[in-house]
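J.: One structure follows; several queries about it will come next.
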Amino acid sequence: MSRFHLVVPSLLALSLAACGSPSEEAETATIQDTAQTTENGVEIVADALPTDLASAVAAEWRGERSERDIWRNPAATLEALGVDPSGTVMEIWPGGGWYADILMPWINGNGGTYVAAHFPVEGSSENRVRSRERFIERYSNADRYGEYVLADFDNNTGAIVEPGSVDTILTFRNVHNFMMGNYAEKAFDDFYAALREGGTLGVVDHRLPSTREQDPQASSGYVQQDYVIALAVEAGFELVSASEVNANPADTADHPFGVWTLAPTRRSAPRGQEAAADFDRAGYDAIGESDRMTLLFRKPVSE
């Protein structure tokens, strides 16, 4: 049995009660007479749902998060990954929702379905459980973010959703985490099973130069592009394209605290230790964020 359920958020209580879906007019234009709610103490009234990607990226509700667009290139990335907002789009481990802020209203505005494959409650650390709870709370405005599906994914879960029910899966900077947990092969197998034939998988992650030796557990946070392609192909995918939209030639991928030496983490000491006051950050800050691969795969269609 697949381990997922429909989430119909409410700001007053994080209940799973049913709620009416947006009208056809709301899916093609603007939601009218939106019920007043609050988000982070700010009143929300009658949001306009973005039907095009540019409007979703430029949305006012993204706030300070948009300052990272210069490094993450969300519009160009989602275009390179061929995301269709009218379909069923699953994001793996959306975390705090940097991409969800863009994807959920855009998908909602086009009549699609967003699936958040988040950390499961059972067997997860307290930090991961809190991450899931914060996600549910942040995306409790159903008029803006839609009636999304909340699913479970990690090294111990079974099928993420009903097999063959998803059009697009997106995973941003997660492959190295799967490798650290020794379940990268399982992850790609799970993605393959969830996708319909012809469905697509978009992968973005920190890129290790091909001339460097790959640590099987990606302890630095960097992964060779060919290694990721091999994982996907082994699971049954075919490579469609490899974009350089998130490339950063200034990143040498050999930093003292791995990719986390760079922004936005900006680590100056080993994890768990206090920041080093005398650590010279200037050169690392000048690099910006990491060099990243942007890969698009497809699940083949049976003859």
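J.: Residues Ser86, Ser10, Ser23, Ser66: which one is modelled with pLDDT under 95 and surrounded by 14 or more Cβ atoms within 10 Å (Cβ to Cβ)?
T.: Ser10
J.: Follow-up. Just to be sure I understand, how many residues within the stretch 158-171 are closer than 20 Å to Arg134 by Cβ and surrounded by fewer than 20 Cβ atoms within 10 Å (Cβ to Cβ)?
T.: Number satisfying all stated conditions: 0.
J.: Tell me the residue from Ala18, Ala80 that is over 23 Å from Arg134 (Cβ atoms) and either modelled with pLDDT under 95 or of a type in the set (Phe, Trp, Tyr) (or both), please.
T.: One residue alone meets the criteria, Ala18.
J.: Being more than 18 Å from Arg292 (Cβ to Cβ), at pLDDT 95 or above and not polar (S, T, N, Q) is true for just one of Tyr222, Tyr227, Tyr192. Which residue is that?
T.: Tyr192
J.: Next question, about the same structure. So, Phe178, is that one touching a Leu at 6+ places or on another chain (Cβ under 9 Å), under 25 Å from Glu133 (Cβ atoms) and of a type outside the set (Val, Ile, Thr) or not?
T.: In short, yes.
J.: Could you tell me which residue of the stretch 220-243 is surrounded by the most Cβ atoms within 10 Å (Cβ to Cβ), considering only residues that are assigned to a helix (DSSP H, G or I) and β-branched (Val, Ile, Thr)?
T.: Val228
J.: Can I ask one more? Restricting the stretch 207-219 to residues that are out of contact with any Leu (no Cβ under 9 Å at 6 or more places or on another chain) and crowded, with 19+ Cβ neighbours inside 10 Å, which is farthest from Val89 (Cα to Cα)?
T.: So, considering only residues that are out of contact with any Leu (no Cβ under 9 Å at 6 or more places or on another chain) and crowded, with 19+ Cβ neighbours inside 10 Å, the one farthest from Val89 (Cα to Cα) is Leu208.
J.: Listed residues Asn246, Asn182; which is out of contact with any Ser or Thr (no Cβ under 6 Å at 6 or more places or on another chain) and either closer than 19 Å to Ile92 by Cβ or in a helix (DSSP H, G or I) (or both)?
T.: Testing whether each residue is out of contact with any Ser or Thr (no Cβ under 6 Å at 6 or more places or on another chain) and either closer than 19 Å to Ile92 by Cβ or in a helix (DSSP H, G or I) (or both) leaves just Asn182.
J.: Restricting to the stretch 140-151, give me the number of residues that are more than 14 Å from the chain's Cα centre (by Cα) and assigned to a strand (DSSP E or B).
T.: So the count comes out to 1.
The values are calculated or read from the model by the stated rules, or taken from the named source; none is laboratory data. If you're wondering where the values come from, they're calculated on a predicted model, not measured in any experiment. Cβ: placed from backbone, ideal geometry, glycine included. Neighbour counts: every protein chain shown.
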